[in-house]
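**Q** Okay, handing you the structure first.
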Amino acid sequence: MPDKNVLVLGGGVAGLSAALELARLGIGVDLVEKTSFLGGHAIQFSCKATDKCVKCGACVAEEKLEDVVRHSNIKLLPGSHVKKVTKKADRFSVTLQKTPEYITPQKCTGCGVCFEKCPSEGAIIRGFSKSNVPFYAVCEGKCLFVKDKSCNLCQEICPENAITLDKKSCSYSCETDAIIVATGFKAFSPESKPYGYDIFDNVITNLEMERMLRQQSIASRPSDGKEAKKVAFIQCVGSRDAKLKHLWCSKVCCGSALRMARLIKMRQPETDIAFFYIDVQTFGRDFQNFYENVQNDVRMIRAIPGDIFKTGDDRLRVNFFDNTAQDSIEECFDIVVLSIGLGPGEDTEELAELLNLEIAGSGFISASEDGIFTAGTAQRPMSIAETVADAGKAAWDTFKYLGIPQ
Ligand SMILES: Cc1cc2nc3c(=O)[nH]c(=O)nc-3n(C[C@H](O)[C@H](O)[C@H](O)COP(=O)(O)OP(=O)(O)OC[C@H]3O[C@@H](n4cnc5c(N)ncnc54)[C@H](O)[C@@H]3O)c2cc1C
């Protein structure tokens with residue numbers, strides 16, 4: 001058993017990377033994830049390789065997750081969040097609240113019968129990676145048994161007897177030598193923007209497009225499942241926005257949207273794709289080359305549209321001012337994809353209070369106290385590659401803090 005132990009908060013790319021680095025250095029890790037599944041945002045992304053790898057980083061989350069679940073120095077605590085932290089003589093005592101393990105991982109084979117037969121939509125949720133065991137989880141907010149005990153169908157029909165609904169959440173306490181905060185970001189909610197999100201079915205976010213391309217390969221209209229023939233991407237939704245006081249660039253959205261556009265064009269060559277932008281942020285060594293090529297497949301329009309309206313034949317009418325033509329233009333699309341920005345994680349303030357973290361004016365974590373380290377997008381927008389590098393640094397700083405002779 002390792003003598004030193006670190007608590008890592010957050011099971012996204014940052015938390016997985018930091019946990020792995022420490023585990024490989026012989027440190028015991030408790031990896032706490034508040035949702036039912038590890039992998040964070042990036043585990044939902046589709047590989048965007050066309051004729052060759054475009055270095056989107058989507059596979060990194062999958063690889064890290066596979067290694068983490070196999071590592072004997074890492075204890076996984078999904079469905080958990082921190083309630084209390086106290087520090088005594090260089091050690092932290094931490095109390096966690098853990099949601100019940102309704103589906104026993106050792107018994108679940110991932111057959112999916114519970115998911116298919118559940119009468120309450122969204123009550124059984126599915127992970128994105130088979131490395132998450134179990135691959136299914138009970139969503140307490142939607143489960144009829146949790147609500148009023150009116151249904152226990154999944155428990156009755158599970159062929160492995162892996163489901164027990166009559167369980168209570170419990171407290172879990174542990175002692176740790178250091179803490180790494182890797183609680184990530186919150187994607188901007190675009191309901192307040194004039195684009196009809198949550199009103200028109202075919203206005204979706206880039207995160208939803210990522211999931212669509214991962215799960216069903218092609219871009220289709222959510223309203224009727226038909227293949228999309230015209231797609232618009234609108235950039236900087238919730239980023240570089242003075243009214244929202246979100247002045248920062250989210251860094252990853254231009255690259256991510258253009259790679260998705262290229263993938264759609266490869267899989268659905270007939271599809272017309274327009275890309276509305278303020279200016280294109282490039283990142284990564286090969287991006288310039290990629291950007292030059294992508295302009296053969298995608299119409300680049302330097303304008304940010306105004307309102308979006310639904311037409312009588314269920315399409316989306318987008319209005320914008322074309323700077324080149326010096327004219328107002330109206331164009332109809334099948335799907336509009338909003339590239340929502342990266343903002344501070346939703347638990348940041350609560351964690352700041354529990355752990356004495358400093359928060360910058362932007363709302364991201366800016367500094368932490370002795371024995372507490374931060375990693376990844378909890379501090380600012382970062383790409384997956386930057387997140388891995390930052391988590392590696394946080395793990396190394398933690399290792400040095402623990403004072404283990406090398
Ligand atoms: C639409 C979209 C597309 C993107 N595309 C790309 C791309 O193509 N290439 C690229 O390099 N980057 C891309 N990114 C950026 C990429 O998502 C991030 O770099 C990466 O996810 C950061 O990982 P993270 O671990 O810091 O944060 P997250 O992925 O947010 O993970 C944080 C984890 O912590 C958990 N958590 C939060 N609060 C708590 C708590 N209190 N206790 C316990 N757990 C908690 C969360 O549930 C989550 O699992 C994209 C981002 C978006 C939004």
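**Q** What net charge do the residues around N161 carry, taking every other residue with its C-beta under 15 Å from that of N161, with Lys and Arg at +1 and Asp and Glu at -1?
**A** -2
**Q** Sticking with this one: If you add up the charges near A274, with Lys and Arg at +1 and Asp and Glu at -1, over every other residue whose beta carbon is less than 10 angstrom from its beta carbon, what do you get?
**A** Local charge sum for A274: 0.
**Q** Rounded, prolate or oblate: which one fits the stretch 82-175, using the alpha carbon gyration tensor with axes a ≥ b ≥ c (rounded when a/c is under 1.5, else prolate when a/b beats b/c, else oblate)?
**A** Since a/c reaches 1.5 and a/b is larger than b/c, the shape of the stretch 82-175 is classed as prolate.
**Q** Could you work out the relative contact order of the chain? I mean the mean sequence separation of Cα pairs under 8 Å and 6+ apart, divided by the number of residues, in percent.
**A** Averaging sequence separation for qualifying contacts and normalising by length gives 19 percent for the chain.
**Q** Going by Cα centres, the stretch 107-160 and the stretch 1-61 are how many Å apart?
**A** Measuring centre to centre over Cα atoms gives 25 Å.
**Q** OK, next. Which pairs, out of K48/K393; K229/K310; K55/K251, put more than 21 Å between their alpha-carbon atoms?
**A** From K48/K393; K229/K310; K55/K251, over 21 Å: K48/K393.
**Q** What number comes out for the charge environment of E349, summing +1 per Lys or Arg and -1 per Asp or Glu over other residues with Cβ under 14 Å away?
**A** -4
**Q** When the chain is treated as a GNM, springs tying every alpha-carbon pair under 10 Å, which of Q281, Q106, Q97 comes out with the largest mean-square fluctuation?
**A** Of Q281, Q106, Q97, the Gaussian network model singles out Q106 as fluctuating most.
**Q** Kindly identify the stretch 339-386 as rounded, prolate or oblate by the Cα gyration tensor criterion: order the square roots of the eigenvalues as a ≥ b ≥ c, call it rounded if a/c is under 1.5, otherwise compare a/b with b/c, prolate if a/b is larger, else oblate.
**A** Oblate is the answer for the stretch 339-386, as a/c is 1.5 or above yet b/c matches or exceeds a/b.
**Q** Just tell me the longest site-free run in the chain, where the sites are GluC sites (Glu not before Pro) in a DSSP loop having at most 10 other beta-carbon atoms within 10 Å.
**A** 122-269
**Q** Non-local amide H neighbours of I180 (under 5 Å, H modeled in plane, Pro and chain starts lacking H): which ones?
**A** Amide H to amide H, under 5 Å and 5 or more residues apart or across chains, I180 pairs with L7, V8, L9, F373.
**Q** Turning to a different aspect of this structure: Identify which of V85, V133, V29 has the largest mean-square fluctuation in a Gaussian network model of the chain, with springs joining Cα atoms closer than 10 Å.
**A** In this elastic network of the chain, the residue with the biggest mean-square fluctuation among V85, V133, V29 is V85.
**Q** Next question. Can you list the HN-Hα couplings for the stretch 101-115, worked out from phi with the Karplus curve (6.51, -1.76, 1.60; θ = phi - 60°), rounded to whole Hz and with x for Gly and Pro?
**A** Working through the residues one at a time gives 8, 5, 10, 6, x, 5, 9, 5, 9, x, 5, x, 4, 4, 5 Hz.
**Q** Determine which aspartates and glutamates satisfy two conditions relative to K186: a Cα distance under 17 Å, and not lying fewer than 8 residues away in the same chain.
**A** Partners within reach: E33, E208, E210, D241, E346, D347, E349, E350.
**Q** The stretch 1-106: which trypsin sites (Lys or Arg not before Pro) are DSSP loop and have at most 11 other beta-carbon atoms within 10 angstrom?
**A** Sparse-neighbourhood loop trypsin sites (Lys or Arg not before Pro): K52.
**Q** Run down the lysines and flag those whose C-alpha is under 27 Å from the C-alpha of K147, throwing out any fewer than 8 positions away in its chain.
**A** Cross-link targets: K34, K83, K98, K107, K117, K167, K168.
**Q** Projecting each Cα onto the charge dipole of the stretch 188-341 (Lys/Arg +1, Asp/Glu -1 at the beta carbon, about the Cα centre), which of I273, V237, A303 comes out farthest on the positive side?
**A** Of the options given, the answer is V237.
**Q** Each residue of the stretch 47-64 in turn: what ³J(HN,Hα) in whole Hz from Karplus with 6.51, -1.76, 1.60 and θ = phi - 60°, glycine and Pro shown as x?
**A** These are the phi-based 3J(HN,Hα) values: 5, 9, 4, 9, 6, 8, 4, 9, 6, 6, x, 4, 6, 4, 4, 4, 5, 5 Hz.
**Q** Further question: Dipole of the chain (Lys/Arg Cβ +1, Asp/Glu Cβ -1, origin at the Cα centre): which of F287, V336, V60 lies farthest to the positive side?
**A** Of the candidates, V60 comes out farthest on the positive side.
**Q** According to the square roots a ≥ b ≥ c of the eigenvalues of the Cα gyration tensor, what is the shape class of the stretch 184-324, taking rounded for a/c under 1.5, prolate for a/b larger than b/c otherwise, and oblate for the remainder?
**A** Judged from the Cα gyration tensor, the stretch 184-324 comes out rounded (a/c under 1.5).
**Q** Now for a separate question. On a 0 to 90° scale, report how tilted helix 13-24 is relative to the longest principal axis of the chain, with both axes built from alpha carbons and the result rounded to the nearest 10.
**A** It is inclined by approximately 40 degrees.
**Q** In addition: With n ≥ 4 as the cut-off for DSSP H runs, can you work out [θ] at 222 nm for the chain, using -39500 (n - 2.57) per run divided by the number of residues, rounded to the nearest 500?
**A** Dividing the helical sum by the residues of the chain leaves -7500 deg cm²/dmol.
**Q** Just the Kirkwood number for the stretch 10-143, please: inverse of mean 1/r across all distinct Cα pairs, in Å, one decimal.
**A** By the Kirkwood definition, the hydrodynamic radius is 16.4 Å.
**Q** Restricting the calculation to Cα positions, tell me the Rg (one decimal) and the Dmax (whole number) of the chain in Å.
**A** Just the Cα atoms of the chain yield Rg and Dmax of 22.6, 71 Å.
**Q** Further, regarding this structure: Relative contact order of the stretch 188-341, please, whole-number percent, based on alpha carbon pairs below 8 angstrom and at least 6 residues apart.
**A** About 33 percent, as a whole number.
**Q** Further question on the same structure: To test your reading of the geometry: what angle, between 0 and 90 degrees and rounded to tens, separates the Cα axis of helix 384-402 from the longest principal axis of the chain?
**A** Once rounded, one gets 20 degrees.
**Q** Using only Cα atoms, find the angle between the long axis of helix 253-267 and the longest principal axis of the chain, and express it within 0 to 90 degrees, rounded to the nearest 10.
**A** Roughly 70 degrees between the two axes.
**Q** List the residues, sorted by chain then number, that are 5 or more residues from T205 or on another chain and whose placed amide H is less than 5 Å from its amide H.
**A** Distant-sequence amide H within range of T205: L338.
Read-outs throughout are calculated quantities, based only on the coordinates presented, and are distinct from any laboratory measurement. For clarity, every value in this text was computed on a predicted model and none was experimentally measured. Virtual Cβ from ideal backbone geometry, glycine too; neighbours counted across all protein chains shown.
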